[in-house]
Amino acid sequence: MNVRDLYPQRDSDYFSVCSYQPMIDSFGSVLVQVDDQDYQGDTRVLLEDSGLIGLIIFGWGSCSGCDALQACQSFDDLQSLYDSMKSRVQWWESAEEALDYFENHDWAGDYSCHSDETRDFVTQCKNLLAAKVAEKHDYSCPSLDGDGKSCTCKQNPADCGQRDFCHEPGGCCCEEGHDPVEALGRELSQINDRLVVEQPYQTYVWEGVCCDYTPGIVVVVARSVKKALELVKEQDRWAYDEVKGIDPIVCGPRSRVFIVKGGG
């Protein structure tokens, strides 16, 4: 692409371009974008283009001495920067491949791993890609009626039609009066039954986990106990500290989830 189409400006002795956004938008549709909120930092973008999923992470500064875009002094400089950035976009042919990367990449080893923005970006991408995978394989709510639009549940029917995984405790996929914990277990089991065709997922359950002296459970669907613990750590460090030394109950892809009732 000719960068003159992205940055139309009048001929002038003073050449100045300050925004990367036109470049980013030209690479594909932006699915997730998280920028550092500072005078210098990083931009992280998840893209989609013609069915491909792309990722680019790049740094920027506050002046021409520390920012590649502001250092451009002509359209030729700008074109070279654009071509270089476009070549740096990492592409995957499917949401499944991109999700596998996000789940297995050593994010802890990246230079920006400790920033809140990086953790937020990774979490948003995982959730979005998981939803895309679910939509592709029709892991839809079993309580939708035949037209695939109207929810037959008695609770929260409007919410149900907007979810790929309807396993909200007390939500739309449990009938009125039923135990929401049982509904959660049933949904996780059904999800596992579908996922086994594509990926070797297991369900990991830790019981008797205490937070503020309140007994409870932690349930994670993942490929390994290591990955399950990583997911717990990302979501709740307190819960991770409680479960990391406890052996989980492991349920196979086609087995029922063991639900602990009454706590303890």
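General observations
- The range 39-79 - residue that is touching a Ser or Thr at 6+ places or on another chain (Cβ under 6 Å) and either of a type in the set (Asp, Glu) or at pLDDT 95 or above (or both) and, of those, nearest to GLU135 (Cα to Cα): GLU48
- Listing of helices (runs of 4 or more DSSP H) fully contained in the range 80-162 that carry 1 or more residues being assigned by TED's automatic domain parsing to the domain that holds THR43 and either closer than 19 Å to LYS227 by Cα or modelled with pLDDT under 75 (or both): 95-104, 116-136
- Scanning the range 225-239 for residues that are surrounded by 14 or more Cβ atoms within 10 Å (Cβ to Cβ) and not aliphatic (A, V, I, L, M) returns LYS227, GLU230, LYS233, GLU234, ASP236.
The values are calculated or read from the model by the stated rules, or taken from the named source; none is laboratory data. Just so it is clear, the model here is predicted, and its values are computed rather than measured. Don't worry about glycine lacking a Cβ; one is built from the backbone with ideal geometry, like all the others, and counts go over all protein chains shown.
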